[in-house]
Amino acid sequence: MKQLSARRIIGFGVICGSLAARSGAAQQLGGRTVFPFLDLPPSAQLAALGGMSVSARNDDPTMLFGSPALLNPEMDGRLALSYVAYVADIKQSTAAYVFNTQKAGRFGIGVTYLNYGSLHSYDAAGNSLGTFSVNEYTVGVSDSYTKGKFTFGATTKLAVSSIAGSRSLAGVADAGVVYKHPTSDFTAGLAVKNAGYQFSPYPGTDRGPLPLDVQIGATVKPEHMPIRFSLTAHHLQQWDIQYLDPNARGALDASGVSKAPTKSFGDNLARHFTASAALVLGKGFNVRVGYNHLQRRELRLDNTSGSAGLSFGVMLKISTFQIDYTHATLQAAGSSEYFTISRNLNSLFKKKE
């Protein structure tokens, strides 16, 4: 049996670091959460918007993972498929579909699957025990209701984590509300994400908290400007999400003694925000850029930040298909590639006149 490659080990380090940062820096919050993968953006557009959005309202069905209140008539009948290539053999696949029942409301179905590849197992003496797999997935149903300028939405989903045949289950719920200005291109949203309960922990472990996240944000396109701006504040339920490495060495004082790093109000405040902008070059082509300060601070290297926390993406419509691509940098040593393709399925079944 081949031993676990260095690339695979680096891959796990990168993805675990990304999970920690995107789950609100669990260590900074005083403990560790279970199912941290729930905070990973599963689609190209969400990744391009800094990893989250509760206010970017458009026809992309995968935005239901940002907030169930983002469900809207433009999504009706649309199916979206997403694929994310992290590093090594770590991959994520997602599917989302939205339909309107007229009477019961607008529904969305979302499934996401994260696979870490095949890993080698060894006993305490170093003897090979073969290989095992690690994967995590969620299956959820979203419902939304619009009343005037406001849309209310909720999602219920089952989350499953599996390691070498052992499983952990959790019930998860998201809820949100979105306000859409009747005449201006302005939306604002509020969402409570990943509230729930771990039904079944892994054998020999205790139940843990899920990565709860309270978010508020706004998206605006100034009149006569081809740019749409978004700003999202996250982890509003916890002010201090700044972590100081106890082993880190600060600057030297006049005596040549290393000063311990101290927390900064400004840095902690900035960690609560993600910002993004989309250059709208017509209905069929957008260019997006996003920035996540928490991710940049938590996943930087000791001597450089590189482009950690930055994401770049494009949206292109070809015929009846919409294609989204995003390159997001997890840290200076790794990045991820997001691909999403979507199409309205209703047009396939309409009778030609």
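Rule-based calculations on the coordinates, nothing more; no lab input. Bear in mind the structure is a predicted one, so any value in this text is a computation, not a measurement. FYI the Cβ positions are ideal-geometry reconstructions off the backbone, even for glycines, and counts take in every protein chain you see.
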Return the Rg/Rh value of the range 89-136, two decimal places, where both radii are evaluated on C-alpha atoms and Rh is the Kirkwood radius.
1.39
Starting with the highest mean, order 69-76, 230-237, 128-135 by the number of other Cβ atoms within 10 Å, averaged over the residues of each peptide.
69-76, 230-237, 128-135
Residues meeting the amide H criterion for LEU330 (H placed from the backbone, H to H distance under 5 Å, 5 or more places apart or on another chain) are SER335, SER336
Low-density loop trypsin sites (Lys or Arg not before Pro), the range 261-290, at most 14 other Cβ within 10 Å, DSSP non-H/G/I/E/B, are LYS263, LYS283
Under the √(5λ) rule applied to the eigenvalues of the Cα gyration tensor, what semi-axes describe the equivalent ellipsoid of the range 116-239? Give them in Å, descending.
41, 17, 13
Among GLY165, SER128, SER142, the residue whose Cα sits farthest towards the positive end of the charge dipole of the range 104-169 (+1 at Cβ of Lys and Arg, -1 at Cβ of Asp and Glu, taken about the Cα centre) is SER142
How would you order 140-149, 117-126, 207-216, 48-57 from highest to lowest mean count of nearby Cβ atoms within 10 Å?
48-57, 207-216, 140-149, 117-126
Per residue of the range 223-228, in order, report the coupling 6.51 cos²θ - 1.76 cosθ + 1.60 (Karplus, θ = phi - 60°) as ³J(HN,Hα) in whole Hz, putting x for Gly and Pro.
4, 6, 10, x, 10, 10
